[in-house]
Amino acid sequence: MRIGILGDVHSNLEALTAVVAAMREDKVEHWVQVGDIVGYGPDPCACIDIIRELGATVCMGNHDAAVVGSLETDYFNTYARMAIEWTRTQLRRSDLEYLGSLPYTVVRPDLEYTVVHGSLHMPKQFGYVLTMVEAIESMRHQETLACFVGHSHVPAVYMVPEDEHGMRAVHTPPFELNIGDASRVLVNVGSVGQPRDENRNAAYALFDTSNHELQIKRVPYDIPKVQAKIRAAGLPGVLADRLAIGL
Ligand code: ZN
């Protein structure tokens with residue numbers, strides 16, 4: 001099965017459209033979304049529609065949770081909070097019901113993966129996995145070969161070998177790995193709509209269960225168009241500026 005994993009879309013329709021087109025060319029058969037469909041960007045409803053049409057396995061992100069009132073907005077910085085409040089004014093009742101229904105984790109033993117937005121260690125707290133220790137904390141709760149996460153918007157792969165001794169972390173491209181020899185692998189798939197690894201191109205991952213090949217790929221998209229929409233919506237200008245530098 002060719003699994004396509006995307007996440008942290010953040011209401012960026014142009015990035016999402018480019019990523020979905022690339023994933024269709026990659027012959028993706030099963031879609032996974034690691035949370036944060038909304039927040040920051042100008043097209044929350046259209047992005048929700050696309051994710052729902054894909055029939056993706058989806059988990060709850062912290063921005064999704066905040067928009068539906070399941071997470072206090074004190075948690076967020078000013079710009080994120082302003083975007084969450086703006087997003088609430090845009091969503092349809094069906095969007096709120098959909099976001100409110102999302103699970104915090106999904107485990108698919110048949111397809112060898114788990115999905116959570118931040119960490120399997122207290123998923124509702126939305127902790128980050130940025131270090132080996134944080135990866136170990138999450139992996140203690142991981143029962144499948146792979147776990148896909150987002151949240152930091154920075155691609156990374158943490159692999160525990162079959163003998164359970166040590167860990168290998170990959171933080172720089174190329175992200176092209178065979179994970180068949182590992183006992184567990186934690187994969188941050190990067191962000192579709194607001195990459196923060198100084199690469200402005202939208203990110204997504206592919207995982208093939210037939211040969212255990214894992215890749216994280218990048219796709220360019222029309223950034224000036226999204227920036228113009230962010231400014232026209234009255235969202236904070238910094239949310240437009242950062243897209244051009246990938247931060
Ligand atoms: Zn996010």
Which residue, of A244, A203, A169, A228, is in contact with a helix residue (DSSP H, G or I) (Cβ under 9 Å, 6 or more places away or on another chain), part of a strand (DSSP E or B) and open to solvent by 10 Å² or more (accessible area, probe 1.4 Å)? A169
So which pairs qualify, if the first residue must be in the range 47-60 and closer than 15 Å to V189 by Cβ, the second must be of a type in the set (A, V, I, L, M) and part of a loop (DSSP other than H, G, I, E, B), the Cβ gap must be under 7 Å, and the two must be at least 6 apart or on different chains? I51/I37; V58/L102; C59/V34; C59/L102
Only one of D110, D95 is more than 17 Å from the chain's Cα centre (by Cα) and touching a residue at least 12 places away in the same chain (Cβ under 8 Å); which? D95
Look at the range 172-200 and say how many of its residues are assigned to a strand (DSSP E or B) and either of a type in the set (S, T, N, Q) or over 26 Å from R140 (Cα atoms) (or both). 3
Residues that are away from the ligand (no atom under 16 Å from the Cβ) and closer than 25 Å to G234 by Cβ: which helices (runs of 4 or more DSSP H) entirely in the range 1-119 hold 1 or more of them? 13-25, 44-54, 78-90, 93-100
By residue number, the members of the range 213-225 that are surrounded by 14 or more Cβ atoms within 10 Å (Cβ to Cβ) and either in contact (Cβ under 8 Å) with a residue 60 or more places away in the chain or under 16 Å from G41 (Cβ atoms) (or both) are L214, I216, K217, V219, Y221, I223
Would you check if there is a residue in the range 124-140 being in contact (Cβ under 8 Å) with a residue 60 or more places away in the chain and either under 18 Å from V58 (Cα atoms) or open to solvent by 10 Å² or more (accessible area, probe 1.4 Å) (or both)? yes
Among the residues of the range 3-27, which ones are touching a strand residue (DSSP E or B) at 6+ places or on another chain (Cβ under 9 Å) and within 19 Å of C59 (Cα to Cα)? I3, G4, I5, L6, G7, D8, V9, N12, L16, V19, V20
Among the candidates V32, V107, single out the residue that is over 24 Å from G246 (Cα atoms) and β-branched (V, I, T). V107
Which number in (1) out of contact with any helix residue (DSSP H, G or I) (no Cβ under 7 Å at 6 or more places or on another chain); (2) crowded, with 16+ Cβ neighbours inside 10 Å marks the one condition that D74 misses? (2)
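The values are calculated or read from the model by the stated rules, or taken from the named source; none is laboratory data. Keep in mind that this is a model prediction, so the values were computed, not measured. Glycine also receives a Cβ, built like all others from the backbone with ideal geometry; neighbour counts cover every protein chain displayed. Just the protein is used for accessible areas: all its heavy atoms, side chains included, with ligands, DNA and RNA removed. Shrake-Rupley method; radii C 1.70, N 1.55, O 1.52, S 1.80 Å.
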